[in-house]
Amino acid sequence: MNKTKIAEPLVVENFTFDFIKGAFTPEDAQEIMSDLLTKKISFHELKSFSNNIRFGSTDENSLERIKELTECKKVIEDQVLLAKNMGKSLRISSQINIDII
């Protein structure tokens, strides 16, 4: 009977990968970016709400991040509209860097 050897997971102290990489139609770019930003905003809203319920105070860092992300979302919507009106695509690239600190 042969025993299958299970590989140990690769553990590194830092890791980088391309999260978004490519040229997108304005419609696809809008969908990708809007979905990501909406999810991130929702995360911070829930975090702040949870903090308020548990400790009776808002999470100021989350509130500031919500403001930043909401402003960013508006700028991206303007960029997408500009590209659409020009008949152009958008190149989007995003890396995720994870470091154990």
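The values are calculated or read from the model by the stated rules, or taken from the named source; none is laboratory data. These numbers were taken from a predicted model, which means no experiment stands behind them. Cβ: placed from backbone, ideal geometry, glycine included. Neighbour counts: every protein chain shown.
Which number in (1) of a type in the set (A, V, I, L, M); (2) in contact with a His (Cβ under 6 Å, 6 or more places away or on another chain); (3) loosely packed, with under 12 Cβ neighbours inside 10 Å marks the one condition that ILE6 misses?
Failing condition for ILE6: (2).
Please find, within the range 19-41, the residue that is surrounded by the most Cβ atoms within 10 Å (Cβ to Cβ) out of those that are part of a strand (DSSP E or B) and either without any contact (Cβ under 8 Å) to a residue 60 or more places away in the chain or touching a Ser or Thr at 6+ places or on another chain (Cβ under 7 Å) (or both).
So the residue we want is PHE24.
Using beta carbons and a limit of 9 Å, which pairs, at least six apart or on different chains, have the first residue in the range 48-74 and without any contact (Cβ under 8 Å) to a residue 12 or more places away in the chain and the second one surrounded by 12 or more Cβ atoms within 10 Å (Cβ to Cβ) and in a loop (DSSP other than H, G, I, E, B)?
PHE49/THR58; PHE49/ASP59; SER50/ASP59; ASN51/THR58; ASN51/ASP59; ASN52/THR58; ASN52/ASP59
Might you let me know whether the range 49-71 holds any residue that is surrounded by 11 or more Cβ atoms within 10 Å (Cβ to Cβ), assigned to a loop (DSSP other than H, G, I, E, B), in contact with a Lys or Arg (Cβ under 7 Å, 6 or more places away or on another chain) and at pLDDT below 95?
Looking through the range 49-71, at least one residue is surrounded by 11 or more Cβ atoms within 10 Å (Cβ to Cβ), assigned to a loop (DSSP other than H, G, I, E, B), in contact with a Lys or Arg (Cβ under 7 Å, 6 or more places away or on another chain) and at pLDDT below 95.
Conditions first: (1) of a type in the set (Lys, Arg); (2) surrounded by 12 or more Cβ atoms within 10 Å (Cβ to Cβ); (3) out of contact with any Pro (no Cβ under 8 Å at 6 or more places or on another chain); (4) more than 30 Å from VAL12 (Cα to Cα). LYS84 passes all but one, so which condition is the exception?
(3)
Look at GLU8 and say whether it is out of contact with any strand residue (DSSP E or B) (no Cβ under 9 Å at 6 or more places or on another chain) and within 23 Å of ILE98 (Cβ to Cβ).
Here the answer is yes, as GLU8 does meet what is asked.
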